[in-house]
Amino acid sequence: MIHLRLFPMQRIAARLAPAGLMFAGFLALALPAQAEIAIQQVTSPNGHKAWLVEDPTIPFTALELRFRGGTSLDPTDQRGVVNLMTALLEEGSGDLDAQGFAAARDDLAARFGFDAGQDVISVSAQFLTENRDEAVALLRQALVEPRFDAEAVERVRAQVLSNIDSDQRDPNAIAGETFARLAFGMHPYGASGQGSRDSVAALSQADLIAAHQAALARDRVYVAASGDISAEELGAVLDRLLSDLPATGAPLPGRAEWKMTGGVTVVDYPSPQSVIRFGHSGIKRDDPDFIPAFVLNEIVGGGRFSARLMTEVRDRRGLTYGIYSYLSPLDHAELYIGQFATSNASVEEAIGILRAEWAKAAAGVTEAELEAVKTYLTGAYPLRFDGNGPIARILVGMQMDGLPVEYVTDRNAMVAAVTLEDVARVARGLIRPADLHFVVVGQPEGMEPTQP
Amino acid sequence: MLQRLFAPMVLAILVALPVRAEDVARFTLPNGLEAVVIEDHRAPVVVHMMWYRTGAADEPPGKSGIAHFLEHLMFKGTDTMAPGEFSATVEAQGGDDNAFTSWDYTAYFQRVAADRLDLMMRMEADRMRGLILSEQDVATERDVILEERNQRTDSDPGSLFGEQRRAALYLNHPYRLPIIGWRHEIEALNRSDALEFYQTFYAPNNAILIVAGDVTPEEVRALAETHYGPIAPTPDLPPRIRPSEPPHLVERRLAMADPRVAQPYVIRTYLAPQRRAGDQAEAAALTVLAEILGGNGTTSVMARALQFGAEAKALYTAAFYDGNALDSGNFGLIIVPVPGVSLEDGEAAMDAVVTRFLEDGVDKAEFERVKRQLRASEIYRRDDVEQLARGYGTALTTGLTVADVQGWPAALQAVTVDDVMAAAQSVLDRRASVTGWLMQEETGTGDAEPPSPAPAVDPAPVQGEVPMKTDQGEGAQK
């Protein structure tokens, strides 16, 4: 089911449950703040792998599946097919139509979520220990035997089209899509994964079936679970869920070449306030300098009140409600981007401040800033592991990023080891004021639209 | 019809699950500060919250937005803390802090390692009485709030529409005001307005401490006595008596057009009873009613009747109920018509479904399914201790007691089919309703700028301090 953009409906959290049998590597990791988290590496009888944190305190399991690829797998002439396919997984499968599936899921009080991102399809499930087998059987049916009934396809297609229309009038979506188009052109990253009105209207049932085979394959799946489930039980769940999926899926797209240069693009939009998205290219997740870069950004544009951009643009001058920047290492490109909104009259001033801050950051940070942010980051890290849902999401994300289980214990030492010299070295390459591009959606005073 | 096969089996399984709430401890200090402790020892984390029984509905006339403005200003320093030092200190502990304001409450919270609770309490106690504001800080923060209003409301037709609808729904009660305030009144708020509101309402006997996480009630009590115990109560707290609603004699209708609207829709909101201390049965019935009528995008009464088949009238439908308020709740219906169906026809179709529902009654299978899910949600809820804490804070600032919170799951399970139908007959009274059309083109009434619809399930809009912040593994914001 697609939730219309207009209505911030309840997000159904989803997670999956994996299991292991033959081989359960067991690693007890002490998190810095006396927490201990035991991550089991599970391999099922059929050879499927997952990470698990077992905790029987609450009688349910949070399970997270990730299929690498996502909407970037869309064929050029079928933009939006992976998104529509993913939305239809819960709209009828096996012997159940859409209403039958929803009723069966709700009878079990299970929660499933399906989401298509640029690089990944996320399947999240939560189910009670009491009826785990039935819930897993139902989830397997959605993953393996979706029906793509004509009625469901048309109904959900209409919802997607409505969301596309909404995004075309939403300043945040316009800013994001404009930035992406300028940065990546014709690469799948250059346009919304929802597709366009025309491309979505043209999708056929055959296209959806092909997208399902291409995207939900065993060669690209990552699994993590947390909650009331043993390694052995998780192994059985893995085999049940994954064994009937295709062994291999479609090849991933190639690198996305960065096409954007420094400058300003103004998109006219009737509003008292402009939305500004800004940035340039970033740094790979597996770059040895990623952690120093992450620390640097936290100082410059983190979401905390004391980050430099927050201090200068919000706290000192009252020009915005919030401003932040972040590193976004995708699978086929890297971005360093940020966003804020400010009154049309203040856009030029705010962009000027941002440029000045960027230039200042290129020269590095102070010892005091570095120490403060290290204290924050190392203190905050263990606080993330505070529930089955968060733990399963973290563990599956680590696998997607190619991190070992030991990262959980090593990560804070890596942050603590960052020196002023590291930050200065990274800043010289990463922070490039001349390359900054600003996409302004609004009616900024003193700036002419450069984009229809 | 597989659900028929599933149902009996599942029922048998779930009946075995106890309907019970989490274990909590509560105590009250001699100065009147109430405290609730929710234990969860799975992770070494604690959430420390201070809830004040004051919000946008307690503002003096003409000062809309002052409760929320003060919430921002509470980060500006005291005798012992410089402006910004509060948040910087929390960050230096690896924690996060924030605050939010609603009509009936204002709350401040920090999420930190459990062994930092002492420091959090010391700082929160300090700013309960010791706030110091400079004219410059007040002026700058007012600009921030005007930008917040720009971002949340004035840039969003659905939000502006919601503001107008709420002002029409309440004829007299201050629930008609936007929490963030009307722009022209925000522009005039000043330092003494903020301090006056602060001195009137911020007191231990008008506050509720909630601590959730890896702590024991004994620890919390000892720390609370140390830090909050010495604060003198305010003897002359004003009673929370707000102007009340007169009888509603006629339904109100609004139509608003804005070029930024992509998807027109119809939304109707009815006045409804709120949860009341010791008397939650009707609120429980309304909760179940909303679920059955439009809580599920696939199997609810509205979804089945309006979203499926070749003759489908709607892209989306929903029903919602919000009973978490001191003085009044509301119940609502939404329909987003498919292209080619007018708002008029969409509204008529929605009304026809409701009329038929009142005649036909509740589908037994759906009724059981909804109650089963409500029961299971008590299990899932326990995974998020911060949400649990918020539930207690909301309840205790809107006139409920800990016993009411703990009794809520049982109240939901006690609801009968007859209760649901009686609640429906009572609440769906058009005279006490506002029907709104949001559209792109001018067709009749309305001009102006646009707003956004209340989120269905949890409509008490809370306004956080910090901007959207993505997280999860370093830089994984994709």
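A few points about this structure:
- No other residue among B:293, B:289, B:358, B:315 is farther than 30 Å from residue B:171 by Cβ, at pLDDT 95 or above and in contact with a helix residue (DSSP H, G or I) (Cβ under 7 Å, 6 or more places away or on another chain) apart from B:315.
- Residues being within 14 Å of another protein chain (Cβ to nearest Cβ) and among the basic types (Lys, Arg) - total across the stretch B:128-172: 3
Okay, residues lined up against (1) at pLDDT below 95; (2) surrounded by 22 or more Cβ atoms within 10 Å (Cβ to Cβ); (3) outside the structural domain of residue A:192 (by TED's automatic domain parsing):
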| site | (1), (2), (3) |
| --- | --- |
| A:2 | yes, yes, yes |
| A:59 | no, no, no |
| A:63 | no, yes, no |
| A:78 | no, no, no |
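- Of all residues in the stretch B:44-60, one or more are assigned by TED's automatic domain parsing to the domain that holds residue B:105, under 23 Å from the mean Cα position of the chain (by Cα), surrounded by fewer than 21 Cβ atoms within 10 Å (Cβ to Cβ) and at pLDDT 95 or above.
- Qualifying residue in the stretch A:406-426 (condition: touching a strand residue (DSSP E or B) at 6+ places or on another chain (Cβ under 8 Å), closer than 30 Å to residue B:47 by Cβ and without any contact (Cβ under 8 Å) to a residue 24 or more places away in the chain): no
- Failed criterion for residue B:195 (all others in (1) of a type in the set (A, V, I, L, M, F, W, C); (2) crowded, with 18+ Cβ neighbours inside 10 Å; (3) under 30 Å from residue B:33 (Cα atoms) hold): (2)
- Residue that is at pLDDT 95 or above, assigned to a loop (DSSP other than H, G, I, E, B), among the hydrophobic types (A, V, I, L, M, F, W, C) and in contact with a strand residue (DSSP E or B) (Cβ under 6 Å, 6 or more places away or on another chain), where the choices are A:174, A:229: A:229
- The sole residue among B:375, B:369 that is of a type in the set (D, E, K, R), facing chain A (nearest Cβ under 7 Å) and in contact (Cβ under 8 Å) with a residue 12 or more places away in the chain is B:369.
- Across the stretch A:295-310, the qualifying residues are those that are surrounded by fewer than 24 Cβ atoms within 10 Å (Cβ to Cβ) and within 8 Å of chain B (Cβ to nearest Cβ), and the one among them that is farthest from residue B:89 (Cα to Cα) is A:303.
- The stretch B:297-342, subset farther than 20 Å from residue A:157 by Cα and of a type in the set (Asp, Glu), residue farthest from the other protein chains (Cβ to nearest Cβ): B:327
- Residue in the stretch A:149-160 that is closer than 24 Å to residue A:61 by Cα, of a type in the set (A, V, I, L, M, F, W, C), within 12 Å of chain B (Cβ to nearest Cβ) and touching a residue at least 60 places away in the same chain (Cβ under 8 Å) present: no
- Residues that are more than 18 Å from residue B:267 (Cβ to Cβ), of a type in the set (Asp, Glu) and under 27 Å from the mean Cα position of the chain (by Cα), drawn from the stretch B:305-361: B:327
- None of A:252, A:238, A:296, A:309 is part of a helix (DSSP H, G or I) and not assigned by TED's automatic domain parsing to the domain that holds residue A:332 except A:238.
- Listed here are the helices (runs of 4 or more DSSP H) enclosed by the stretch B:254-372 that have at least 3 residues being outside the structural domain of residue B:174 (by TED's automatic domain parsing) and either touching an Asp or Glu at 6+ places or on another chain (Cβ under 9 Å) or among the basic types (Lys, Arg) (or both): B:281-294.
- Restricting the stretch A:321-348 to residues that are without any contact (Cβ under 8 Å) to a residue 60 or more places away in the chain and in a loop (DSSP other than H, G, I, E, B), the residue that is nearest to residue A:432 (Cα to Cα): A:322
- Restricting A:352, A:364, A:318 to residues that are more than 8 Å from chain B (Cβ to nearest Cβ), without any contact (Cβ under 8 Å) to a residue 40 or more places away in the chain and more than 28 Å from the chain's Cα centre (by Cα) narrows the list to A:352.
- Selection within the stretch A:387-437 - of a type in the set (S, T, N, Q), touching a helix residue (DSSP H, G or I) at 6+ places or on another chain (Cβ under 9 Å) and within 14 Å of chain B (Cβ to nearest Cβ): A:412
- Selected residue (criterion: surrounded by the fewest Cβ atoms within 10 Å (Cβ to Cβ)) from residues of the stretch B:232-253 that are charged (D, E, K, R) and not in a strand (DSSP E or B): B:236
- Restricting attention to the stretch A:106-128, the residues being at the interface with another protein chain (Cβ under 9 Å from one of its Cβ atoms) and touching a residue at least 12 places away in the same chain (Cβ under 8 Å) number 10.
- Residues satisfying the stated conditions in the stretch A:86-105, i.e. more than 7 Å from chain B (Cβ to nearest Cβ) and small (Gly, Ala, Ser): A:87, A:92, A:93, A:94
- Annotation: residue A:327 fulfils all but one of (1) closer than 15 Å to residue A:401 by Cβ; (2) at the interface with chain B (Cβ under 9 Å from one of its Cβ atoms); (3) surrounded by fewer than 23 Cβ atoms within 10 Å (Cβ to Cβ); the unmet one is (3).
- Flag for residue A:346 being over 24 Å from residue B:82 (Cα atoms) and polar (S, T, N, Q): yes
The values are calculated or read from the model by the stated rules, or taken from the named source; none is laboratory data. Owing to the predicted nature of the structure, the values given are computational and were not obtained by experimental measurement. Cβ: placed from backbone, ideal geometry, glycine included. Neighbour counts: every protein chain shown.
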